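I have placed the structure first, in the form of structure tokens, so that the comments after it can refer back to it.
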């Protein structure tokens, strides 16, 4: 089952603009992670934010986490055509049976040159 | 960084045959491996979790007799799709956890595209 819901489902922007996508989840988590996937390829890990962190930066990426609202956002600044991909949030849920990552539905981002 | 490989990267098989997909952690020992399935333009759905030397834990709705998972060593897990049907055509991705100092991070393989004709 999917834990996270992402919005928007698709996003089309011009090169140089910022792209923001949001992820909401339902249960308690250890951390939340963002991944990128180019069409038909494997996942690339972008950033991990722990449940006790509120914001994290990595290059042109900025991730926020609001555990009270059970939501996270990913901001890509100054987007490039190479950023065109699907972006997924994944929650590392606290489970008695052992932690596991559960993925959101993803946001398909198209950056037009 | 930790590397996970999958073999084959793509496979075409006939309906009714079985297909085995291998997932290897190349430079670390994976205490836990996960298998995901991804249909076109959809998200990854967790199929099962396997710990080395024990039986896999399957997610609700995943047939354990159809998707056989073996995690015989700390560096290898296999997924066998038995009696494959066209509806099993999908992108199968494994991931491994246990490497390095970050116990929360999962390392993903590049995926295997299965087409059943």
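When you check residue A:108 against the structure, is it within 28 Å of residue B:112 (Cα to Cα) and in a strand (DSSP E or B), yes or no?
Yes; evaluated as a whole, the condition is true for this residue.
Checking residue A:13 against (1) within 14 Å of chain B (Cβ to nearest Cβ); (2) over 30 Å from residue B:114 (Cα atoms); (3) crowded, with 17+ Cβ neighbours inside 10 Å: exactly one of these is not met. Which one?
With respect to (1) within 14 Å of chain B (Cβ to nearest Cβ); (2) over 30 Å from residue B:114 (Cα atoms); (3) crowded, with 17+ Cβ neighbours inside 10 Å, residue A:13 is out only on (1).
Give me the strands (runs of 3 or more DSSP E) completely within segment A:11-64, filtered to those with at least 3 residues that are over 10 Å from the mean Cα position of the chain (by Cα), ordered by residue number.
Those strands (runs of 3 or more DSSP E) span A:29-37, A:43-50, A:55-58.
Which ones in segment A:74-105 are assigned to a strand (DSSP E or B), away from chain B (no Cβ under 14 Å) and either surrounded by fewer than 18 Cβ atoms within 10 Å (Cβ to Cβ) or at pLDDT below 95 (or both)?
Initial filter on segment A:74-105 (assigned to a strand (DSSP E or B)): A:74-76, A:85-93, A:100-103.
After this cut, where a residue has to be away from chain B (no Cβ under 14 Å) as well, the list is A:74-76.
If the condition is that a residue be assigned to a strand (DSSP E or B), away from chain B (no Cβ under 14 Å) and either surrounded by fewer than 18 Cβ atoms within 10 Å (Cβ to Cβ) or at pLDDT below 95 (or both), then A:75 is the only one that fits.
Out of B:6, B:106, B:42, B:60, report the one residue that is within 13 Å of chain A (Cβ to nearest Cβ), free of Cβ contacts under 8 Å to residues at least 40 places away in the same chain and within 21 Å of residue A:44 (Cα to Cα).
On inspection, the qualifying residue turns out to be B:42.
What number of residues within segment A:74-100 are under 20 Å from residue A:15 (Cα atoms) and in contact with a strand residue (DSSP E or B) (Cβ under 9 Å, 6 or more places away or on another chain)?
Adding up the residues that qualify gives 13.
The values are calculated or read from the model by the stated rules, or taken from the named source; none is laboratory data. Note that the structure is a prediction, hence the values are computed from the model and not measured. Neighbour counts run over all protein chains shown; Cβ positions are idealised from the backbone, glycine included.
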